[in-house]
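Have a look at the structure below, then the notes.
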Amino acid sequence: MGSAWDAYAEDWLRYGTFAHQSDEQVDDYVEQGRRDCATKLARLVTKMDALFDKSAVQYLQPKLHQVKGKASKEIPLLAQKHKIDLIVMGTVGRVGIPGLIIGNTAGSILEQTQCSVLAIKPKGFQTPIK
């Protein structure tokens with residue numbers, strides 16, 4: 001299982017002309033973002049463990065990966081590095097005509113990977129196309 005995270009506006013806080021944050025404050029902010037992502041990933045793992053039979057989990061032997069950066073860039077790199085067979089990800093498809101079918105991030109990942117991608121719409125999702 002993998003997760004990509006990014007500290008919103010980190011570069012601006014760190015290098016921006018009008019940013020008045022110390023390196024320590026920015027480091028703390030970035031670390032909090034990493035911890036928040038790790039907590040969410042741990043919750044997901046707990047939910048997955050509850051859904052699957054223990055023998056299935058032992059058979060699959062999932063490994064956790066948490067990378068810093070934009071998902072559209074880091075997930076394909078992670079998939080290539082670890083020879084991932086399948087990427088499962090959520091998609092809501094928010095922007096433009098292509099976004100009606102698959103979201104921008106999922107579409108970008110699909111274009112960059114050689115493995116299969118399973119994009120899942122959230123529960124209750126209704127297409128805007130009638």
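The values are calculated or read from the model by the stated rules, or taken from the named source; none is laboratory data. Note that the coordinates shown come from a computational prediction; the quantities given were computed from them, not determined experimentally. Note: accessible area is taken over every heavy atom of the protein model, side chains too, but ligands, DNA and RNA are not part of it. Shrake-Rupley method; radii C 1.70, N 1.55, O 1.52, S 1.80 Å.
Taking all protein chains together and a 1.4 Å probe, the residues Arg34, Arg14, Arg43 rank Arg43, Arg34, Arg14 from largest to smallest accessible area. Surface exposure of region 3-99, expressed per residue as accessible area with a 1.4 Å probe, stands at 76 Å².
Is the shape of region 1-99 rounded, prolate or oblate, going by the alpha carbon gyration tensor and its root eigenvalues a ≥ b ≥ c, with a/c under 1.5 for rounded and a/b larger than b/c for prolate? Prolate, since a/c reaches 1.5 and a/b exceeds b/c.
Shown for region 1-74: the carbon plus sulfur share of the solvent-accessible area, taken with all protein chains present and a 1.4 angstrom probe, equals 55%.
For the chain, the relative contact order comes to 25 percent (Cα pairs under 8 Å, sequence separation of at least 6). Across the protein chains, with a 1.4 Å probe defining accessible surface, the residues Tyr15, Tyr29 rank Tyr15, Tyr29 from largest area downward. Per-residue SASA remark: Lys68, around 90 Å² accessible (1.4 Å probe; ligands, DNA and RNA not included).
Within the same chain, lysines fewer than 8 places from Lys47 are excluded, and of the rest, those with a Cα less than 26 Å from its Cα are Lys63, Lys68, Lys70, Lys83, Lys121, Lys123.
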